[in-house]
Amino acid sequence: MKTRRNLVAACVAAAALLPLGSAAQSDWPAKTVRVVVPFAPGGTTDITARVMAEHLGTAFRQTFVVENKAGAGGNVGAAEVARAAPDGYTFLMGTPGTQAINQFLYPKMAYDTAKDLIPVSFVVKVPNVLLVHPSVPARTLAELIAAMKAKPGAMSYGSPGNGSTGHLSTELFKSQAKVFVTHIPYRGSGPMLQDLLGGQIQMAIDNLPSAIPHIRSGRLIALGVTSPERSAQLPDVPTIASVLPDYSAESWFVLVAPAGTPAAIVERMSAESDRILKRPDVIARFQGLGAQPVGGTPAQLAQFIAAETTKWQQVVKISGAKLD
């Protein structure tokens, strides 16, 4: 009996020495988990987050709720997540803007991109597509570049806004092709596409999901995709890299967490996300949207974001884009 009492006492003493957060981590998630989308509902970021939240909720048998916190090119939502308690109950669906580009566009940032948010899972990448109005006398990238060089500045291109991936992807194209095209910024992809459809502008690089209906209807002509490989949705459209070998400018969507989030939770979230992204039904759902599931480890995602940050820093410098 005395031996048993000594054993119980030893177990109690050992439990007292465990880190206070270990029990909480083993029970995670014990309440609703927030996935913050730093843009308005309905866009690719929002759709991606909702697909993942649905499957993560089923996997962990807990509610994963998507919250839209739009503003300042994604900075409002990203800053909220950066300030959140690092307890595994708040994540951000990050984008090239929040994780790489904005820090070079805005003179003041409410969060430190590299220090305040840590990588969890690479969810999907989405190619953009170079579009022209049918009135443009070019049906290949080589013909388009030749036409631009013949009359510098005669064509204009639209973007969803200064500093958007559409803007900077086109600036990268201009830099590598050594051409000059006038930039017309819009307040979003919708109004930009309307002017492109109407012929007020001649060219744009836009997100594939929003562009596909107009390409399939023949109202816009797709000359190249921005990804290193062709898109399954547009198999006959070549890559821009086939003409400009170093060109690559995909959009991408990643799960990140506040710095300090326990490693055990990050690893569980990453592993489950990776498993979900390998499911045939999830792959089919994302591919139907023009997106390609990625997955991988937090370390691999960190390396990818670092490389993208270096690339976009140079593109921002070339473009001269700055935002207040």
Residues being farther than 19 Å from Gly94 by Cα and either of a type in the set (S, T, N, Q) or assigned to a loop (DSSP other than H, G, I, E, B) (or both): count how many of those fall in segment 263-298. 3
Tally the residues that are open to solvent by 40 Å² or more (accessible area, probe 1.4 Å) and within 23 Å of the chain's Cα centre (by Cα), restricting the search to segment 215-231. 3
If you take just the helices (runs of 4 or more DSSP H) that sit entirely in segment 101-160, which of them hold at least 1 residues that are over 18 Å from the mean Cα position of the chain (by Cα) and closer than 30 Å to Thr297 by Cβ? 113-116
All positions within segment 173-202 that are out of contact with any Lys or Arg (no Cβ under 7 Å at 6 or more places or on another chain), in a helix (DSSP H, G or I) and open to solvent by 20 Å² or more (accessible area, probe 1.4 Å): Lys174, Ser175, Gln176, Ser189, Gly190, Pro191, Gln194, Asp195, Gly198
Residues (more than 12 Å from Val35 (Cβ to Cβ), open to solvent by less than 50 Å² (accessible area, probe 1.4 Å) and either in contact with a helix residue (DSSP H, G or I) (Cβ under 7 Å, 6 or more places away or on another chain) or at pLDDT 95 or above (or both)) located in segment 63-79: Gly73, Gly74, Asn75, Ala78, Ala79
Given (1) more than 19 Å from Val123 (Cβ to Cβ); (2) polar (S, T, N, Q); (3) out of contact with any strand residue (DSSP E or B) (no Cβ under 7 Å at 6 or more places or on another chain), number of the condition Thr297 does not satisfy: (1)
Any idea which of (1) of a type in the set (A, V, I, L, M, F, W, C); (2) more than 14 Å from Lys125 (Cα to Cα); (3) open to solvent by less than 60 Å² (accessible area, probe 1.4 Å); (4) in contact with a Ser or Thr (Cβ under 7 Å, 6 or more places away or on another chain) is the one Val316 doesn't satisfy? (4)
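The values are calculated or read from the model by the stated rules, or taken from the named source; none is laboratory data. Only a predicted model underlies this, so the values are computations on that prediction, with no experimental measurement involved. All Cβ positions, even for glycine, are placed from backbone atoms using ideal geometry, and neighbour counts span all protein chains on display. What goes into the accessible areas is simple: the full protein's heavy atoms, side chains included, and nothing from ligands, DNA or RNA. Shrake-Rupley method; radii C 1.70, N 1.55, O 1.52, S 1.80 Å.
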